[in-house]
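*Asks:* Can you read through this structure? Questions will come right after.
We did not get these values from a lab; they are worked out from the coordinates using the rules stated. Being a predicted model, the structure only gives us computed values, none of them experimental. Note that we place each Cβ from the backbone using ideal geometry, even for glycine, and neighbour counts take in every protein chain shown.
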Amino acid sequence: MIKFQNVSKIYNLGEQEVLALNDVSFEIEAGKVTVILGPSGSGKSTTLNLLGGMDRASRGIVEINDTNLTELSDHQLSEYRRKVVGFVFQFYNLIPNLTALENIGIAANLTKNDANSGKYLEAVDLTSRKNNFPSQLSGGEMQRVAIARALAKKPKLLLCDEPTGALDSQTGRKIIQLLKDASNQKTSVVLVTHNAAIAQIADRVVHLHDGKIAKIVDNAAPMDPRKVAW
Amino acid sequence: MKFLNRKLRRDILSRWTQFFSVFLMAFLSVLIYTGLEGVWHGMDASLNAYMKSNRLADSWVNAVSLTARDVNKIKKISGISQISLKTTIQVTTSDGHNNKNYLTLETPGTKSLNKPVLVSGKELGSQKSGMYLNTEFAQSHNLKVGDHLTVSYDQRTVILKIIGLIRSPSRIYYTGTNDFVAPNYQSYGFGTITQQTLKNDFHYLGQANLLEISDSNNQKIREEVPKILGLRYLAYYNRQTLPEVSTALDRVGQIRNLSIMFSTLFILLAILAMYTTIRRLIESQTQEIATLKALGYSNRSISWHYASYGLLVSTLGALVGTAVSPGMSLFVLQTQKTMFSLPNWQIAYTWNSFGIIALVILISTISAFIASHNARSGLPAVYLRGNNIKQTHQVSLEKIFPSLWQRLSYGSRWTWRDSLANPIRVLMGVVGVCGGMALLIAGFGVHDSMYSQVSQSYGQDFKYQERYTFTSTNNLLNVHKLLTNVNGQWLETLTARISPDDGINHIVNVISKGDLINVITTSGKHINNGGIYVTEGLAQSAHIKPGQTIKLTNVSTSQKSYQMVVKGIVKSSVPQGVYLTQQTWQNHGGDFLPQTLLMKGVLSNKNKELLKTNGISSQLVTIKKQRANAIDLVNNFQSIFLLIQAFGILLVVVVLYNLGSLSFAERSRDYATLRVLGFHRNEIRLLTMRENWATTLIGWIIGLPFGFWFLAKYVSTFSTYQIKYYPSISQLNLVIASIITIGCALTTTFLIGQRIKKLDMIEAIKGVE
């Protein structure tokens, strides 16, 4: 269970203070897909950063399995990201000088799971591309490698920042399917997007607007990713 | 352009640390060359002005019993414009502490040649009695005009009034004796006295013994004068071989060569540092360049904007370097003033300095221009999107040794591929470390080489305690037969012309049996009977090889020629010339007439008394004093060596930091991703260290032989026809040079470690978005 309790985040930009998140509270259930939906500047990425232990809340509690992230040291946050969290970025962020398999291996190695790198690559149907470098892969392939990399750490929490933002709709649907499948493996998936269509696959949708929660919608019958259109 | 100029100004202010390294390199490059050029060219200009205005002679001939008739005959040799006939005598003086000092007194000769400079006192030539004393000797003994000096000559004591203090153009670097390599104004001085004083006070009845000649054909005089003077001829010198003048001229060449060699390597490395800094800086602005393009700025205005980063900062550095360089020139000149006697010291520059300034500015500007090329010539959308994925390929290692490759860690594989994908960056790193190592080896080694020469000469090659050089108005023939039971070794020093002739009369050392002269051949053997031994410096310049037969013409006494086989090459620094045993010399028909006695201990009172009663005077030099004097010479260069070391260290720091920083900047996005994935800082630090350490190791390994080669070239610039320096660096200094280089690499890693601490994961990831 992940809890966001009265979380605020203030950025100091020179003499100006920007309130990116204002007293936000919500919960994420284990094994479910949660979509954080909102326009630009609504606080989506800030929420993701706080969940991922990449940033600290100015006020409030970010609690994951009874651990308050705001109280963790830098080293503990690294351990948290290493053992608990998996990341999928909009632009994939693969290491250019490592092959597809090695990109998975370097992350899996953190949890001593690199022997199974091939299995994860197989899961995203890219075994034939294992020795290819990122520059030799298409956008969809790179994102599938990025998902495999994230899953190879067996994360309890998979955070995805606009994972389909740079992809065409057909490839995007495949990626959403993979993320949905990941949630079935007792991994909570948090997906940040401004694309309302994608929100249809979620178990819960947190609508953000100007740093505040506009509404939270629980979806009793999430849509099959293959049917999502945008 | 107004807004671009504002951007330029603000960029420079906000990233001043990066610009500072470009400024520093431009500043140091200009400072090191211009500062040293100011010294050597200034010395050259001062010397030339002095030699010209005081009409320095071109040739000097030492002989006995010179007459006006000889002068008339010599005048007929083509190319001679003026001759001055002088008499020189050597007198001694005591400083009240039982220390004997030596003064060379000479008659004025022709006014229009070798005109002394009057520093203080009565006008030259205005007085009939008294003496003009050289300024440096007077200063070291607190003597002033009007003081009296008691001197001894030929068992006669004469009190001379000092009527003036002078400098002489023919004694710019006055050691007083060949036994010393550096001036010792405390013990050796010179002065002029009138012919009347010489005759009336010193009762000198002999003829003149020195000819100073103004001529346009040195070689003709060197060949013809001995024929005219016959057995009365003793020695010939020109400006290149008279140590009192040639040392000053050689010093100009030494500092010039030093300046050129050091500056060349330094500037090459500085250019490397400037290029990497500017490239790093501009590569961090690729999105801004794309934005400017998208806004409609032309390639030309963008090019000019980014080129002006290099132009502005390097111009500023070069200007400050130019402004500060006279200070450095003055600092180095100050150290030379203790050795050379010149009336004026000036700093002067050639157009080369302006060339260096222009080159430094041009290189920086071009670096900036090239660095902005990719983003400038690419499509704005590509760079605005900012998600360009670098092209990567498999490296040879993984194709050839796949199983070995699989055993490497992911970090190692990453480093290998990244390094090989950026060969220029790696090459620059290797060149930077290698060059820095070479500069440090040269900086430490040139000092060690000179010290090692002192230890070798006065500890290994010569093992005497005291060295007596005998002078007498009587015949010297019997000195070595006169002294009995001496625990020493006799040495006869001749000057000879060798054939094929290299234009210089060389020293020939004829040695009696003994072990106080202990020079060793290149094959590790001692000097033996049966042939001559040539020192390595002479052998190299005259292309002499063992087994070769050469002709020696004794130009200092008999004028006889001898055909002799070269038995070996001697590895000795000073003096450069020929060695042979007394027996070999006598077997070839030579007369052994030694003037020097090398003593293992001290000369007995009985022998001293014998010398006195036979009217033989002696000049005593201890090896301890010779060693101290040689160390004085080394210390005279100390400030230059320290400068070289300091500049070398600075350069290594900047080059390594820049390269480490460049590598970090290129991969910061990947490091941020790894941080997000859960890598700890020290794990990332280990990743960043790999390339830096590999570069440092390769650079260090190549830098060792390159450094020794550079040191050998560097040291050879100090060698002259009289002295040869061998490259040498102590193990300690080699370790220190290595520690500095490797330490700089470590420091760089530490500094980059600080940047990893500040690595902002969110910013790095945002940059991608």
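*Asks:* Tell me the angle of helix B:623-636 to the major Cα principal axis of chain B, expressed in degrees between 0 and 90 and rounded to the nearest ten.
*Replies:* Helix B:623-636 sits at roughly 40 degrees to that axis.
*Asks:* Round to a whole angstrom and tell me the spacing of the C-alpha centers of region B:120-168 and region B:314-347.
*Replies:* Computed from Cα coordinates, the inter-centre distance equals 34 Å.
*Asks:* What is chain B's relative contact order, in percent, from Cα pairs under 8 angstrom and six or more apart in sequence?
*Replies:* Relative CO of chain B lands at 17 percent.
*Asks:* While we're here: For region B:162-206, what's the relative contact order in percent, using C-alpha pairs closer than 8 Å and at least 6 residues apart?
*Replies:* Once divided by the residue count of region B:162-206, the mean separation gives 23 percent.
*Asks:* I would also like to ask the following. Beta carbons within 10 angstrom, averaged per residue: use that to sort the peptides B:67-77, B:739-749, A:20-30, highest first.
*Replies:* B:739-749, A:20-30, B:67-77
*Asks:* For chain B, what is the Kirkwood estimate of the hydrodynamic radius, computed as the reciprocal of the mean inverse distance between distinct Cα atoms, to one decimal in Å?
*Replies:* About 30.4 Å, per the Kirkwood formula over Cα pairs.
*Asks:* Could you run the Karplus curve 6.51 cos²θ - 1.76 cosθ + 1.60 with θ = phi - 60° over region B:746-757 and give me ³J(HN,Hα) per residue in whole Hz, x for Gly and Pro?
*Replies:* 5, 4, 4, 4, 5, 5, 5, x, 5, 6, 5, 4
*Asks:* Report, for the protein assembly as shown, the % of DSSP beta bridges that are antiparallel, rounded to 5.
*Replies:* 70 percent
*Asks:* A follow-up question, please. Determine the calculated [θ] at 222 nm for chain B from helices alone, applying -39500 (n - 2.57) to every DSSP H run no shorter than 4 residues and normalising by the residue count; nearest 500 deg cm²/dmol.
*Replies:* -18000 deg cm²/dmol
*Asks:* Based on Cβ point charges of +1 for Lys and Arg and -1 for Asp and Glu, what charge dipole magnitude is obtained for chain B about its Cα centre, in debye rounded to the nearest 20?
*Replies:* Magnitude of the dipole: close to 940 debye.
*Asks:* Find how much the distance from B:N682 to B:I424 grows on full extension, using 0.36 nm per residue of separation minus their present alpha carbon separation; answer in nm with one decimal.
*Replies:* Taking 0.36 nm per residue and subtracting the Cα distance, the gain is 90.2 nm.
*Asks:* Additional query: What's the FRET efficiency of B:S409 with B:F331 using the Cβ-Cβ distance as r and R₀ = 51 Å, to the nearest 0.05?
*Replies:* 0.50
*Asks:* Can you work out ³J(HN,Hα) from phi for every residue in region A:55-64, in order, using Karplus 6.51 cos²θ - 1.76 cosθ + 1.60 and θ = phi - 60°, giving whole Hz and x for Gly and Pro?
*Replies:* Values per residue, Gly and Pro as x: 8, 10, 6, 6, 9, x, 10, 10, 10, 10 Hz.
*Asks:* Anyone know which of A:L98, A:L37, A:L48 comes out most mobile in the 10 Å Cα GNM of chain A?
*Replies:* Most flexible of the set in this elastic network: A:L98.
*Asks:* Is there a simple number for the mean count of other chain Cβ atoms within 10 Å of the Cβ of residues in A:47-54, and what is it?
*Replies:* Average neighbour count from other chains, rounded to a whole number: 3.
*Asks:* Show me, for region A:15-28, the HN-Hα J-couplings you get by feeding each phi into the Karplus relation (A = 6.51, B = -1.76, C = 1.60, θ = phi - 60°), rounded to Hz, glycine and proline as x.
*Replies:* For region A:15-28, the Karplus curve yields 7, 9, 9, 10, 8, 7, 10, 10, 6, 8, 9, 6, 10, 10 Hz.
*Asks:* With +1 assigned to the C-beta of every Lys and Arg and -1 to the C-beta of every Asp and Glu, and no other charges, what is the dipole magnitude of region B:64-170 about the Cα centre in debye, to the nearest 20?
*Replies:* Here the size comes out at about 500 debye.
*Asks:* On to the next question. Report, by chain and number, residues whose modeled amide H sits under 5 Å from the one on A:A214, excluding near sequence neighbours (fewer than 5 apart, same chain).
*Replies:* A:H207, A:L208, A:H209
*Asks:* Apply 1/(1 + (r/R0)^6) to the Cβ-Cβ distance of B:H203 and B:N352, taking R0 = 51 Å, and write down the FRET efficiency to the nearest 0.05.
*Replies:* It comes to 0.35.
*Asks:* Same structure, new question: Of all DSSP beta bridges in region B:462-626, what percent run antiparallel (nearest 5)?
*Replies:* Taking every DSSP beta bridge with both residues in region B:462-626, the antiparallel ones total about 80 percent.
*Asks:* I would also like to ask the following. Which far-off residues, 5 or more places away or on another chain, put their amide H under 5 Å from the one on A:T187, with H placed in the peptide plane?
*Replies:* The answer is A:G31.
*Asks:* Now for a different question. Return one number: the angle in degrees, 0 to 90 and rounded to the nearest 10, between the long axis of the Cα atoms of helix B:243-283 and the longest principal axis of the Cα atoms of chain B.
*Replies:* With rounding to tens, the tilt is 0 degrees.
*Asks:* Here's something else I'd like to know. Find how many whole Å separate the alpha carbon centroid of region B:190-210 from the alpha carbon centroid of region A:40-66.
*Replies:* Region A:40-66 and region B:190-210 have Cα centres separated by 103 Å.
*Asks:* For a Förster distance of 45 Å, can you work out the FRET efficiency between the beta-carbons of A:K227 and B:R15, rounded to the nearest 0.05?
*Replies:* Using R0 = 45 Å, I get an efficiency of 0.30.
*Asks:* Name the residue from B:T748, B:S216, B:A68 whose Cα lies farthest towards the positive end of the charge dipole of the protein assembly as shown, charges +1 on Cβ of Lys and Arg and -1 on Cβ of Asp and Glu.
*Replies:* B:A68
*Asks:* Related question: Farthest toward the dipole's positive end in region B:491-545, which of B:H543, B:Y533, B:S499, given Cβ charges of +1 (Lys, Arg) and -1 (Asp, Glu) about the Cα centre?
*Replies:* Selected residue: B:Y533.
*Asks:* Hey, what angle do you get for helix B:286-295 against the long axis of chain B, alpha-carbon based, 0 to 90 degrees rounded to 10?
*Replies:* 60 degrees
*Asks:* Another question, then. Using alpha carbons only, how many angstrom separate the centre of region B:642-683 from the centre of region B:230-268?
*Replies:* Between the Cα centres of region B:642-683 and region B:230-268 lies a distance of 44 Å.
*Asks:* Normalising by the residue count of region B:176-312, find the relative contact order in percent from Cα pairs under 8 Å and 6+ residues apart.
*Replies:* The value is 9 percent.
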